[in-house]
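Student: Starting off with a structure, shown below.
Computed from the coordinates by the stated procedures, all read-outs in this text should not be read as laboratory data. Because the structure is a prediction, the values reported are computed rather than measured. Note that each Cβ is placed from the backbone with ideal geometry, even for glycine, and that neighbours are counted across all protein chains shown.
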Amino acid sequence: MTEFSSTEAEPAVPNDKRFSHEGATTAPIQKSAKKRLRLRPSTFWSVRQGIPTWLKILMPIIGISVPLIAWSILSYGGFVKDIFLPAPTTVISTGIELFTEDELIKDIVASASRVLGGFALAGLVSVPIGLLMGTFESIASLLNPFVSAVRYMPVAAFVPLIVIWAGIDETAKFLIVFLGIVLYNIAMIVDAVRAIPDELLNAAYTLGSNRLVLLFKVIFPAALPSIMNTMRVNIAGAWNFLILAELIAAEQGLGFRIIRSQRYLQTDRVLFCILIIGLIGLLTDFLLKQLGMFLTPWYEQGER
Amino acid sequence: MAETLPLPPNSGGPPSMVEHPKLSVHGLSKNFVYQGNPLTVLENVDIELKANEFICLVGSSGCGKSTLLKIIAGLMSPTMGEVRVEGEAVEGPGSDRGMVFQSYSLFPWLTVAKNVEFGLKLQGLPKAERRERIAYYLDVVGLSRFANALPKQLSGGMKQRAAIARALANEPEVMLMDEPFGALDAQTKEQLQQFMQEVWERTHMTILMVTHDVEEAIFLSHRVYIMDSHPGRIRENLHIPLPEHRELDIKITPKFLELKRYITNQLGH
């Protein structure tokens with residue numbers, strides 16, 4: 001089935017008089033049969049036109065249940081050994097056990113506070129630097145060589161160095177999370193500032209703004225929705241780097257749990273911890289979205 | 001050809017010894033380098049606006065009229081020549097030259113009233129005076145009921161009226177308008193032309209407006225500068241001999257149509 005239907009329209013006459021000048025010596029333009037290109041409406045494949053409510057409800061159900069069913073068939077059906085892929089019920093009962101007997105909540109709190117600490121520090125550093133670099137070309141030229149070069153150096157490669165500098169305590173973990181996201185934050189905030197339309201800045205100038213007013217009263221609020229979005233994107237990165245940090249040296253935390261469970265081949269525990277990280281991620285994403293809507297209620301809906 | 005303008009109503013009083021024009025542009029040129037070749041966008045432009053004049057600058061697209069306005073606003077620097085406000089040479093933007101842009105330039109995070117207040121706060125006006133001015137100018141543009149609305153809640157025409165209120169409230173020496181109605185539909189555009197005429201009658205603001213719409217230029221202005229393109233030059237400084245108060249139906253009077261034909265012909269050269 002093709003998306004486009006073609007309708008044969010009046011077959012072209014070889015020497016169409018309408019298109020050739022009388023007495024013209026040039027050869028007539030070769031014309032093939034005319035095809036009308038018409039798009040058929042589609043519910044499922046609609047682009048930016050929204051989908052009906054039933055489809056909106058049905059699709060996520062399919063999206064979640066298909067992998068769950070596949071998982072169940074593989075594990076309950078005995079296709080895969082329990083040690084490689086434990087059954088869903090096993091993972092859940094292990095999870096309850098982790099909470100009730102092994103104080104998993106302490107690990108969650110430890111990990112979450114490391115992520116939050118590193119993330120907040122990265123925000124405090126990247127917002128002013130990003131705003132300055134996006135606003136002033138001189139500052140951008142000054143910092144760009146450093147920022148763009150270091151951005152391509154993998155943070156994992158810095159870990160040994162960080163351990164030497166900061167030891168293996170909490171500072172090192174903050175530092176890894178911080179280094180992992182701060183440069184991405186900066187790059188994205190610079191882009192957000194540069195995307196502010198000229199008219200907004202020119203309006204501010206002709207109302208009597210100096211550069212300080214421009215920076216704080218125009219550029220910062222104008223870039224705030226994008227800054228909030230940057231934060232939302234990069235907090236996922238923060239979790240990545242946290243696990244990296246905890247794999248190295250830690251006495252608690254979700255990453256620590258995962259690596260220790262691996263040692264004893266406790267696949268169910270590994271899976272449950274990964275699941276928890278995913279849930280925390282969804283929750284933070286939701287909270288940051290709410291915070292964004294609270295801070296910038298003026299932002300056009302649908303763009304968020 | 002220099003035309004004299006009948007003195008606008010409230011510019012009375014004894015003339016001072018040296019009376020400077022509100023805004024003047026002398027020998028202004030602007031060159032760009034385009035693909036390695038020098039390109040003259042504006043050549044030796046002279047312009048003068050007396051107090052309370054409403055002047056339009058008409059030219060076909062690409063004649064450099066918007067560039068000229070940006071230079072006057074101080075948002076761009078000229079290659080040669082200078083801009084004077086009340087006889088004093090200016091460099092860079094300032095609150096003495098307010099500006100209204102073609103695209104919506106309201107700060108989307110501020111309400112209409114706060115947008116209007118933006119410049120007033122920068123001027124350091126006390127709160128009571130700010131409130132008074134906001135109320136007055138929102139009334140002038142007919143947006144009093146929308147003082148607390150956000151820009152995203154306004155229609156295109158209302159946004160432009162709010163932007164005009166913001167520029168007026170700052171009480172600049174001269175208000176610059178860069179094709180302010182260019183992005184609006186024909187009906188809204190005519191409404192806003194009538195509205196602009198009323199705004200001028202109430203405020204007698206000195207206004208320099210750039211437009212490619214000949215009808216708009218004749219309807220609104222006391223004088224029209226007709227611009228040539230490539231390079232952009234002032235071709236003619238044309239007095240518009242129409243009564244000061246105008247209604248939209250003046251657009252179909254023979255005199256208006258004659259002016260329109262004349263200017264359109266000049267632009268076609």
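Student: With everything on Cα atoms, drop me the angle between helix A:220-248 and the longest principal axis of chain A, reported from 0 to 90° to the nearest 10.
Tutor: The angle comes out at about 50 degrees.
Student: Using Cβ contacts closer than 10 Å as the measure, can you line up B:Thr206, A:Thr53, B:Thr40 from fewest to most?
Tutor: Neighbour counts put them in this order, fewest first: A:Thr53, B:Thr40, B:Thr206.
Student: Report, to the nearest 10°, how far helix B:254-268 tilts away from the longest principal axis of the Cα atoms in chain B, using its own Cα long axis and a range of 0 to 90°.
Tutor: Helix B:254-268 sits at roughly 60 degrees to that axis.
Student: In deg cm²/dmol and to the nearest 500, what is the mean residue ellipticity at 222 nm of chain A if only DSSP H runs of at least 4 residues count, each as -39500 (n - 2.57), divided by the residue total?
Tutor: -22500 deg cm²/dmol
Student: Next question, about the same structure. Any idea what Rg and Dmax come out to for chain A if you just take the C-alpha atoms, in Å?
Tutor: Just the Cα atoms of chain A yield Rg and Dmax of 28.6, 97 Å.
Student: So what is the relative contact order of segment A:147-304, in percent, for Cα pairs below 8 Å that sit 6 or more residues apart?
Tutor: This gives 24 percent for segment A:147-304.
Student: Which whole-Hz ³J(HN,Hα) couplings does segment A:276-293 yield from phi under the Karplus relation 6.51 cos²θ - 1.76 cosθ + 1.60, θ = phi - 60°, glycine and proline marked x?
Tutor: With the stated coefficients, segment A:276-293 comes to 4, 4, x, 5, 4, x, 4, 5, 5, 4, 4, 5, 5, 5, 4, 4, x, 5 Hz.
Student: Amide H to amide H under 5 Å from B:Val41: which residues, 5+ apart in sequence or cross-chain, H placed 1.01 Å off N in plane?
Tutor: Under 5 Å from the amide H of B:Val41: B:Lys30, B:Asn31, B:Phe32.
Student: Which value in deg cm²/dmol, rounded to the nearest 500, describes the helix-derived mean residue ellipticity at 222 nm for chain B, given -39,500 (n - 2.57) per DSSP H run of n ≥ 4 and division by the residue count?
Tutor: -10500 deg cm²/dmol
Student: For A:Val177, B:Val140, B:Val33, which order do you get if you count the other beta carbons within 10 Å of each Cβ and list the fewest first?
Tutor: B:Val33, B:Val140, A:Val177
Student: Would you work out the relative contact order for segment A:32-170, in percent, from Cα pairs under 8 angstrom that are 6 or more residues apart?
Tutor: 8 percent
Student: Evaluate peptide B:101-112: per residue, the Cβ atoms of other protein chains within 10 Å of its Cβ; return the mean as an integer.
Tutor: 5
Student: What is the angle, in °, between the Cα long axis of helix A:170-194 and the longest principal axis of the Cα atoms in chain A? Nearest 10 is fine, range 0 to 90.
Tutor: 20 degrees
Student: Between segment B:55-103 and segment B:199-269, how far is it from one alpha carbon centroid to the other, in angstrom?
Tutor: Between the Cα centre of segment B:55-103 and that of segment B:199-269, the gap is 19 Å.
Student: No solvent, one uniform scatterer per C-alpha: report log10 I(q)/I(0) for segment B:177-269 via the Debye equation at q = 0.13, 0.24 1/Å, two decimals.
Tutor: Evaluating at q = 0.13, 0.24 Å⁻¹ gives log10 I(q)/I(0) of -0.43, -1.47.
Student: Taking the protein assembly as shown as the region of interest, what is the percent of Cα-Cα pairs per 20 angstrom bin, listed from the shortest bin to the one with the maximum distance?
Tutor: Computed distribution, short to long bins: 15, 34, 29, 18, 4, 0.
Student: Any chance you could list the semi-axes, whole Å, largest first, of the equivalent ellipsoid that the Cα gyration tensor gives for chain B, using √(5λ)?
Tutor: Semi-axes (√(5λ), whole Å): 28, 22, 20.
Student: Additional query: Where in segment A:36-80 are there trypsin sites (Lys or Arg not before Pro) that are in a DSSP coil and have at most 14 other Cβ atoms within 10 angstrom of their Cβ?
Tutor: For trypsin sites (Lys or Arg not before Pro) across segment A:36-80 that sit outside H, G, I, E and B with at most 14 neighbouring Cβ atoms in 10 Å, the list reads A:Arg48.
Student: Please report the antiparallel percentage of DSSP beta bridges with both residues in the protein assembly as shown, rounded to the nearest 5.
Tutor: Rounded to the nearest five, the antiparallel share is 60 percent.
Student: Apply the Debye scattering formula to segment A:169-304, with a single equal point scatterer on each alpha-carbon and no solvent, then give log10 I(q)/I(0) at q = 0.17, 0.19 Å⁻¹.
Tutor: -0.97, -1.10
Student: Name the residue from A:Leu85, A:Leu104, A:Ile62 whose Cα lies farthest towards the positive end of the charge dipole of segment A:56-113, charges +1 on Cβ of Lys and Arg and -1 on Cβ of Asp and Glu.
Tutor: Checked the options; the winner is A:Ile62.
Student: What residue among A:Ile219, A:Ile276, A:Ile29 has the largest mean-square fluctuation in a Gaussian network model of chain A, using Cα springs under 10 Å?
Tutor: Largest GNM mean-square fluctuation: A:Ile29.
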